[in-house]
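The block underneath contains the structure these notes are about, expressed in structure tokens.
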Amino acid sequence: MANIFVVGDGAIGLLYSHYLSQQHKVTLLTKHAIDEPRFYQQANAPKQTINCQLTNLTQLSEHGQVDVIIFTVKAYQVATAFRQLKPFLSAQCQLILSHNGMGNVDEINSELTKQQGLYFLTTRLAGYKDTPFSVLHTGIGSSILGDCNQQAKTQLAEVKNLLNAIPELTTTNNIQQLRFEKLLVNIAINPLSALHNVKNGALTAPQFSGIILNILNEACTVANKLGINVRLAEALANAYQVMSDTKNNYSSMHQDVAHNRITEIDAMCGYICRKGNQLGINTPHNQSLLDAIRHKKSAI
Ligand code: PAF
């Protein structure tokens, strides 16, 4: 039994906690009430209490040595969360990032010991927080764990075994490719769904096809220049497939805008614009979505 920490009690944090607590001691680190149990629910089934301990930064030292820590906070929160938690991590702790968009893998890697593996976990699990303390599990799907540093390469199979309670979990030695493919889906769906106040399925309408083509074309050009093997036709097919698979969902960015929260646009279109700038590739369509989301006040 491992000592696993999950950072963040958003929908994904609660889903991972639900599954992992069936095999391990799981501690959920939250900024919110630590005296309220957290719940997991599947459609038409009763709510179950998630069998995890709850803690916050002030009580962290009481929870013993952490074997694995999974950051489920947003890309823009990872660096701060990591620095706050770093003093509590053992020299052998294995760290896993799991968020939308591109973030701070290089920055975090530069602060790790040689034995601390860094991994990225992409997931198609989907959930919705129907109350601040409970998650409704809305989407079943596979999850993929990949190595982001040398130590993680050597421990990938071992860490995957620890996380086996997560459904349909597999590993890859090319997580960067998968992250880019997911980024392309997010770029096609998230900003437009938030700007136009629509569910994902509405983006298959012809009025959006031009802008989707243009943003993905720019993003694929940037990806190819970075040595990532993505093709525009496949990126479009993937994006339209996810729109139809999740047609009744509001994207995470739609929900962030609706609740006046900071969005992940900097880790999505912002990332494409920054890389495009460094590589001499023009990215006007990603820039216009970036500007539009940055300036959007919640009108939803
Ligand atoms: O961010 C999201 O909402 C999801 O990653 C996705 C795939 C766009 C589905 O809603």
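Quick note: the coordinates plus some simple rules give every number you see, no bench work behind them. Keep in mind that this is a model prediction, so the values were computed, not measured. For neighbour counting, all protein chains shown are included, and Cβ atoms are generated from backbone atoms with ideal geometry for every residue, glycine included.
Only residues that are surrounded by fewer than 21 Cβ atoms within 10 Å (Cβ to Cβ) and within 11 Å of the chain's Cα centre (by Cα): list them for region 58-75, please.
The answer is ALA75, and nothing else.
Report the residue count in region 123-135 for those that are outside any loop (DSSP other than H, G, I, E, B) and surrounded by fewer than 20 Cβ atoms within 10 Å (Cβ to Cβ).
5
Which of the numbered conditions does ASN229 fail, given that it passes all the others? Conditions: (1) surrounded by fewer than 14 Cβ atoms within 10 Å (Cβ to Cβ); (2) in a helix (DSSP H, G or I); (3) not aromatic (Phe, Trp, Tyr).
Of the numbered conditions (1) surrounded by fewer than 14 Cβ atoms within 10 Å (Cβ to Cβ); (2) in a helix (DSSP H, G or I); (3) not aromatic (Phe, Trp, Tyr), the odd one out for ASN229 is (2).
Restricting to region 269-294, count the residues that are more than 12 Å from VAL222 (Cβ to Cβ) and touching a Gly at 6+ places or on another chain (Cβ under 6 Å).
Of the residues in region 269-294, 1 are more than 12 Å from VAL222 (Cβ to Cβ) and touching a Gly at 6+ places or on another chain (Cβ under 6 Å).
Looking at ALA157 and the list (1) away from the ligand (no atom under 16 Å from the Cβ); (2) touching an Asp or Glu at 6+ places or on another chain (Cβ under 6 Å), which single condition is not satisfied?
(2)
Any residue at all in region 255-274 that is surrounded by fewer than 19 Cβ atoms within 10 Å (Cβ to Cβ), of a type outside the set (Phe, Trp, Tyr), within 25 Å of ASN174 (Cβ to Cβ) and more than 14 Å from the ligand (Cβ to nearest atom)?
Yes, region 255-274 contains at least one residue that is surrounded by fewer than 19 Cβ atoms within 10 Å (Cβ to Cβ), of a type outside the set (Phe, Trp, Tyr), within 25 Å of ASN174 (Cβ to Cβ) and more than 14 Å from the ligand (Cβ to nearest atom).
Spot the failing condition for ALA165; the list is (1) assigned to a helix (DSSP H, G or I); (2) of a type outside the set (Phe, Trp, Tyr); (3) away from the ligand (no atom under 13 Å from the Cβ), and only one is missed.
Checking ALA165 against (1) assigned to a helix (DSSP H, G or I); (2) of a type outside the set (Phe, Trp, Tyr); (3) away from the ligand (no atom under 13 Å from the Cβ), the one that fails is (1).
Being touching a helix residue (DSSP H, G or I) at 6+ places or on another chain (Cβ under 6 Å) and outside any strand (DSSP E or B) is the filter; apply it to region 2-53 and report the residue that is nearest to ASP67 (Cα to Cα).
Residue satisfying both the conditions and the ranking: ALA2.
So which residues in region 155-179 are without any contact (Cβ under 8 Å) to a residue 40 or more places away in the chain and out of contact with any Gly (no Cβ under 8 Å at 6 or more places or on another chain), if there are any at all?
ALA157, GLU158, LYS160, ASN161, LEU169, THR170
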